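Shown next, in structure tokens, is the structure this report addresses.
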Amino acid sequence: MKTEEIARDLISRSTVSPVTSEDSFAHLIQMLKKHDIKSELREYGGVHNLYAGFGDESVCFNGHMDVVPPGNGWTSDPFDPVVTDGRLYGRGASDMKGGLAAQIAAFLELKERGHSGASLMVVGDEEQGGRRGTSAMLQDLREEGRLPKVGVIGEPTDLDIQVGMRGIVWLDIHVFGDEYHASKPRLGDNATSDLPEVLKTLNGLEMSHSEDDKLPKPTSEVTAINTGDVYNSTPSRITVGMDIRYVRSQSPKTIVRDVESALSEVEADYRVEVRSHSGEPFLLENRGFQEAAVSAVESVTGDTPEAVTSGGASDGRFFAREDIPFVEIGLDTEEVHVANESCSVHRMRQLKESYVQLAERI
Ligand SMILES: [Zn+2]
């Protein structure tokens, strides 16, 4: 089956994250069956995922079936794919049903060519953090002694090769004040008065680290402010949420220390907490695998892809956790999560061919 047809079929299923129905995989299971490949549906906490493999299952294609909600501003039905001027339009075209279609087509072609083995992992909650998809499935595969040797993830990269990413920590900074009735302002300290100084200190906070020549600089941004929804009393606590991307010389511990030390200069009563630590910094150390990926894409497109480390979080961090080398290679990054999302049909075919070439080089 052609990559484009598979992509159209995938897009026509409105699999807004997380995927909670087995039916979303029914057609894919049929398609795999026609190629003598047995699928396993794996459900974790109500999220449905699919795993299929043949031979030694050594090269794992990992892609996600879930998409973000379509939102507004579409000029066509987001779940009724159309091709205009060589571009396929629909929710998930680039993130990442186009990439997933290329993976499925490559997987089937490898089976037909008698390749030694590959596996296909199609998950249903990447957009929700991946815990009930890739993370849970890799844990199961480890227990079953079936972990792949390498991972190939189809997240958008503009056909460059993502070989690393920064770690991610979310912090909660609680700023405390006195709770009193708003009609009696002389009764205490209003925590909201401390907020401007706190925010100024936190946004873009410089954290201690040694220069990492392989990963982008650390970043720290305030992304949430929660004061509750009471209007006639002052808040006893305001919680400021932060997103921090960090490099290999840092850790959640050093980050909390840096935030605390910066805030000690501010006149406020506060406490810093790690809300979540969803990924360690990662850098692919396996040069052979990286070179194979570069040469695979180059042989198809004629261009030398860049090895990039600037992308956001993906399920790759779970491969990193299991010490499985992985690369990400996928479609257009500019079209991700937008209205009228699209991908180039030509690039999608090139991506499929690159996946086949990469598997054959391993
Ligand atoms: Zn994605």
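Some notes on this structure:
- Single match in Val198, Val169 (criterion: of a type outside the set (S, T, N, Q), closer than 30 Å to Val327 by Cβ and either part of a strand (DSSP E or B) or not assigned by TED's automatic domain parsing to the domain that holds Asn49 (or both)): Val169
- Residue ID - farthest from the ligand (Cβ to nearest atom), chosen from residues in the stretch 127-152 that are assigned to a helix (DSSP H, G or I) and modelled with pLDDT under 95: Arg131
- Failed item in (1) more than 16 Å from the ligand (Cβ to nearest atom); (2) small (Gly, Ala, Ser); (3) under 20 Å from His337 (Cα atoms), with Ala106 passing the rest: (3)
- Pair list, Cβ < 6 Å and 6+ apart or interchain, from the stretch 104-131 residues that are closer than 12 Å to Tyr51 by Cβ to residues that are among the β-branched types (Val, Ile, Thr) and within 12 Å of the ligand (Cβ to nearest atom): Val123/Thr134
- Within the stretch 78-103, residues that are without any contact (Cβ under 8 Å) to a residue 40 or more places away in the chain and among the hydrophobic types (A, V, I, L, M, F, W, C) reach partners that are more than 14 Å from the ligand (Cβ to nearest atom) and in a loop (DSSP other than H, G, I, E, B) with beta carbons closer than 6 Å, at six or more positions or on different chains, in the pairs Val82/Ser76.
- Flag for Ala52 being in contact with a Cys (Cβ under 8 Å, 6 or more places away or on another chain) and at pLDDT 95 or above: no
- Members of the stretch 50-77 that are of a type outside the set (Gly, Ala, Ser) and either free of Cβ contacts under 8 Å to residues at least 40 places away in the same chain or under 11 Å from Leu120 (Cβ atoms) (or both): Leu50, Tyr51, Phe54, Glu57, Val59, Cys60, Phe61, Asn62, Asp77
- Residues satisfying the stated conditions in the stretch 131-173, i.e. touching a Leu at 6+ places or on another chain (Cβ under 6 Å) and among the β-branched types (Val, Ile, Thr): Val163
- Restricting Asp213, Asp178 to those that are free of Cβ contacts under 8 Å to residues at least 12 places away in the same chain, surrounded by fewer than 17 Cβ atoms within 10 Å (Cβ to Cβ), out of contact with any strand residue (DSSP E or B) (no Cβ under 6 Å at 6 or more places or on another chain) and not in a helix (DSSP H, G or I) reduces the list to Asp213.
- Scanning the stretch 101-125 for residues that are assigned to a strand (DSSP E or B) and farther than 12 Å from Ala359 by Cα returns Leu120, Met121, Val122, Val123.
- Those helices (runs of 4 or more DSSP H) of the stretch 238-322 in which at least 1 residues are under 25 Å from Thr134 (Cβ atoms) and more than 17 Å from the chain's Cα centre (by Cα), considering only elements entirely within it, cover 252-263, 287-301.
- Residues within the stretch 323-333 that are assigned to a loop (DSSP other than H, G, I, E, B), touching a residue at least 12 places away in the same chain (Cβ under 8 Å) and of a type outside the set (Gly, Ala, Ser), tallied: 6
- Any hit, the stretch 74-90, residues being at pLDDT below 95, small (Gly, Ala, Ser) and within 16 Å of the ligand (Cβ to nearest atom): no
- Those residues of the stretch 297-340 which are among the small types (Gly, Ala, Ser) and within 18 Å of Gln103 (Cα to Cα), in sequence order: Ser299, Ser314, Gly316, Gly330
- For the condition buried (at least 20 other Cβ atoms within 10 Å of the Cβ), within 30 Å of Asp212 (Cα to Cα) and hydroxyl-bearing (Ser, Thr, Tyr), Ser314 qualifies.
- Meets criteria (over 29 Å from the mean Cα position of the chain (by Cα) and part of a strand (DSSP E or B)) for Ile225: no
The values are calculated or read from the model by the stated rules, or taken from the named source; none is laboratory data. Just so we're clear, the structure is a prediction, and the values are computed from it rather than from any experiment. Cβ atoms come from the backbone with ideal geometry, glycine included; neighbour counts cover every protein chain shown.
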